[in-house]
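I have placed the structure first, in the form of structure tokens, so that the comments after it can refer back to it.
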Amino acid sequence: MKHKRFDHRNWSRAESDSQVRCDLPGSVLVDDRAGPVTQPLIRAFGDQYLTLLDSGFRWIYVQPTGRHHALTVMLDAAGRPVQLYVDTALDSGLDPDGWPYMTDLYLDVLAVCDANWQVTATQLKDEDEWWAAKQTGELSPEHAALAWAEAERVVIALQRGDFAPLAVVREYLAHSSEHAP
């Protein structure tokens, strides 16, 4: 399984950025604002293409304590949500240098929402990686089942509008707009 860290301080796409880690009750949050970007990051979502990273964009990562997922919210330069990206995880914590990590279970959930943060569409991502890891034994049957069940729980919570990490991001943004990195 992949050990993933949320630390974009040396992104090859961004000439500069500012990154802040906050310890919040029940989670850790990392707020990363890109400076000038050498090449925008554009990805397909259904039949549309979304610009996920460009100059001035923010990526806010929330890693809830004791949960099997982590959320990254991609905001455009005006602070509007572009995409929600949820990784399924076996475990998570902080590396010795203080940045969050997770053990990735491959299966991810993508979502887009409107300007009022209401999720309008969801889709699973990396099902092929999940399937291959399951077939090769890199994911045990129990871990594969955990990833699938967690992805289903995330989709339902996003569609109902009660996905707790998204509420954490919205609360953080409401209280940090003047103090953004």
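Just a few scattered comments:
- Residue list for region 120-140, restricted to those being of a type outside the set (F, W, Y) and under 14 Å from M1 (Cβ atoms): D126, E129, A132, A133, K134, T136, G137, E138, L139, S140
- Extreme residue, modelled with the highest pLDDT, among residues of region 1-13 that are surrounded by 13 or more Cβ atoms within 10 Å (Cβ to Cβ) and either over 18 Å from the mean Cα position of the chain (by Cα) or assigned to a loop (DSSP other than H, G, I, E, B) (or both): F6
- Residue, nearest to G137 (Cα to Cα), within region 91-107, restricted to residues that are among the aliphatic types (A, V, I, L, M) and modelled with pLDDT under 95: M102
- Test: residue in region 89-99 that is on the phi < 0 side of the Ramachandran plot, touching a Pro at 6+ places or on another chain (Cβ under 9 Å) and part of a loop (DSSP other than H, G, I, E, B): no
- Any hit, region 16-26, residues being loosely packed, with under 13 Cβ neighbours inside 10 Å, modelled with pLDDT under 90 and small (G, A, S): yes
- Within region 130-152, no residue that is without any contact (Cβ under 8 Å) to a residue 12 or more places away in the chain sits with its Cβ atom under 7 Å from a residue that is of a type in the set (V, I, T) and surrounded by fewer than 19 Cβ atoms within 10 Å (Cβ to Cβ) at 6+ positions apart or across chains.
- Scan of region 113-133 for residues that are surrounded by 13 or more Cβ atoms within 10 Å (Cβ to Cβ), touching a strand residue (DSSP E or B) at 6+ places or on another chain (Cβ under 7 Å) and farther than 16 Å from L173 by Cβ, ordered by number: V119, A121, T122, Q123, L124, K125, D126, E127, E129, W130, A133
- Count of region 34-62 residues, restricted to those that are over 20 Å from C113 (Cβ atoms), out of contact with any Gly (no Cβ under 8 Å at 6 or more places or on another chain) and surrounded by 16 or more Cβ atoms within 10 Å (Cβ to Cβ), is 1.
- Counting only residues that are surrounded by fewer than 16 Cβ atoms within 10 Å (Cβ to Cβ) and either within 19 Å of the chain's Cα centre (by Cα) or not β-branched (V, I, T) (or both), region 134-147 holds 7 of them.
- Only listed residue being within 15 Å of V28 (Cα to Cα), assigned to a strand (DSSP E or B) and not small (G, A, S), chosen from V82, V73: V73
- Residue tally, condition part of a loop (DSSP other than H, G, I, E, B) and either farther than 19 Å from L124 by Cα or free of Cβ contacts under 8 Å to residues at least 60 places away in the same chain (or both), over region 18-66: 14
- Among the candidates T72, T65, residue that is modelled with pLDDT under 95 and of a type in the set (V, I, T): T65
The values are calculated or read from the model by the stated rules, or taken from the named source; none is laboratory data. Remember, predicted model here, so these are calculated numbers, not experimental data. Virtual Cβ from ideal backbone geometry, glycine too; neighbours counted across all protein chains shown.
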